[in-house]
1. Could you check how much of the accessible area of the chain is carbon and sulfur, as a whole percent, using a 1.4 Å probe?
2. Enter the accessible area per residue of the chain (Å², integer; probe 1.4 Å; all protein chains in place).
3. Which whole-Hz ³J(HN,Hα) couplings does segment 304-317 yield from phi under the Karplus relation 6.51 cos²θ - 1.76 cosθ + 1.60, θ = phi - 60°, glycine and proline marked x?
4. All other residues with a Cβ under 15 Å from the Cβ of A205 taken together, and with Lys, Arg as +1 and Asp, Glu as -1, what is their net charge?
5. Highest first, please rank the peptides 363-374, 83-94 by the mean number of other Cβ atoms sitting within 10 Å of their residues.
6. Provide the packing ranking of 163-172, 139-148, 446-455, i.e. peptides ordered by the mean count of other C-beta atoms within 10 Å per residue, highest first.
7. Is it possible to state the helix-based mean residue ellipticity at 222 nm for the chain, with each DSSP H run of 4+ residues giving -39500 (n - 2.57), the sum divided by total residues, to the nearest 500 deg cm²/dmol? What is it?
Amino acid sequence: MIEQAIHPVDSADLPPGRALGELLRLAGPTVAQMGSYTLMQFLDTWMLARLGETAPTAAGNSGMFAFSVISLGMGVLWVVNTLVSQSFGRGDFASCGRYLWQGVWFSLTFSLLLLPALPIVNGFFQHLGHSPELVEMEGSYLRIVIGLSVFKLIGTVFAQFLLAINRPNCVFVATFIGVGANAIAAWILVLGHLGVKSMGVPGAAWAQNIGVMVEMTTLILFAVRPSLRAQFNLKDWRPRAQQIKTLLFVGFPSGLQVVADVLAWSLFGALVMAKFETKAMAANTFMFRYMVVSFMPAFGISAAVTALVGRYIGMGRPDIAQKRANLAFAVTAIYMVACGIFFFLGRNVLIRAFTDDPETLKIGATLLIFCAVYQFFDALYITYNGALRGAGDTLVPAVATAVLNWSLTVFGGYLIAVYFHQFGPAGPWTIATFYGGVLGIFIYVRFRRGHWKKIQLEAPGSKIGPDSARFAGLRQIDGEACVEA
């Protein structure tokens, strides 16, 4: 294996070209990782669309709700990146392994707490007014995905750990293998090949679990290599009260932010769009497959920003952390605005890839216009929220996201759908787009004010490892390939 080299250098900032290279070396594999997820979601929806509009609508609705449930735990676990990055930046390698294992213990506990809810999921979709056929598909998908959520949660822990210690290529390789397993399993189970009868929506759920389990296993194998196990204290697997307290203190608001955001959008698709019947829900699902193309790679950059901000704060250089966040926003905005232009110009052709129904085509093309407008503000939110997470500033962004999304997107969108039904799906999406603009600007202003620079997740001088003096000037860190030289 090619191991990373850590170069102790002076504490001056990098010139612009090298700063961009530093960001892209870390973000590139995570962007590719998110792109792989996006491709698989697109292919899953395309495969299910071969079975009619009900199947992909059911998978889209229940998939969003499944992620809503799991995302509380995932939001907490994303802070493993923050805590390990800051420990890594100040040379406290022993804490890196300890925070990894606290994430694993949390994953096991959280996944067990989800199991009692599985028998009642059908009733939830029934209360939303969905048809019996749709409810049965949605319930089966949700039970299968949530029942084995422990694989996704533990995989998240190890992925965030590897990103934080500057092994992003390992994360990408694991994702590539997992997505490949998912694609093969979906081809067999959803469409019915190799002598297996098509399982439809449940097949898509089982295929997703197969891919997630393969990805998790690969990530663990990368992380427990002898060199990393020794360097980052991976043998210290015991639960530790102080570290788990820090993880929950910083991570719980992050988890609430994610679940509030995802659950709100889930209800927007399954409740608000349901007021316009199944064709509108199908069009919304198809539009979201393209929206994911823009924001998932952006979340890859955001994960890299979390790691860089945490790392430079650990080194005592919040000024460089701020520069990396601004640079990341410029890169993200260029990509997402370009996506928005593409969505606007190609909206009719893009929706036609999923359906030939004239009404669904018309609604989907209209929604892609709102998707295009949304892009710049989403770039603001995603990038600077990742930067704030890297500093441990999670509570205020969580409250802002929850309050704005639920008051505007869910309740505001629902009221418009009921009392201004004549505007069609464009009515709720107008207020949802307004929400995106307000939240993006709020998070940007929060970052610019700089309160995050004063946050200390560890007491000054505490838990500094034996290499702290050597790494006090650490700035430039070379990546590694996770492949044989």
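The values are calculated or read from the model by the stated rules, or taken from the named source; none is laboratory data. Every value quoted in this text rests on a predicted model; they were computed, and no experiment measured them. Ideal geometry is used to build each Cβ from the backbone, glycine not excepted, and the neighbour counts take in all protein chains shown. Each accessible area value is taken on the protein alone, full model and side chains, heavy atoms only, with ligands, DNA and RNA left out. Shrake-Rupley method; radii C 1.70, N 1.55, O 1.52, S 1.80 Å.
1. Working: 12990 of 18730 Å².
Its accessible area is 69 percent carbon and sulfur atoms.
2. Numbers: 18730 Å² over 485 residues.
On a per-residue basis, 39 Å².
3. Values per residue, Gly and Pro as x: 5, 5, 4, 5, 5, 4, x, 5, 6, 5, x, 8, x, 10 Hz.
4. Its environment carries a net charge of -1.
5. Values: 363-374: 22.5, 83-94: 25.2.
So the order, starting with the most tightly packed, is 83-94, 363-374.
6. Values: 163-172: 25.8, 139-148: 21.4, 446-455: 14.5.
With the highest mean Cβ count within 10 Å placed first, the list reads 163-172, 139-148, 446-455.
7. Details: 18 runs with 361 residues, N = 485.
The per-residue figure over the chain is -25500 deg cm²/dmol.
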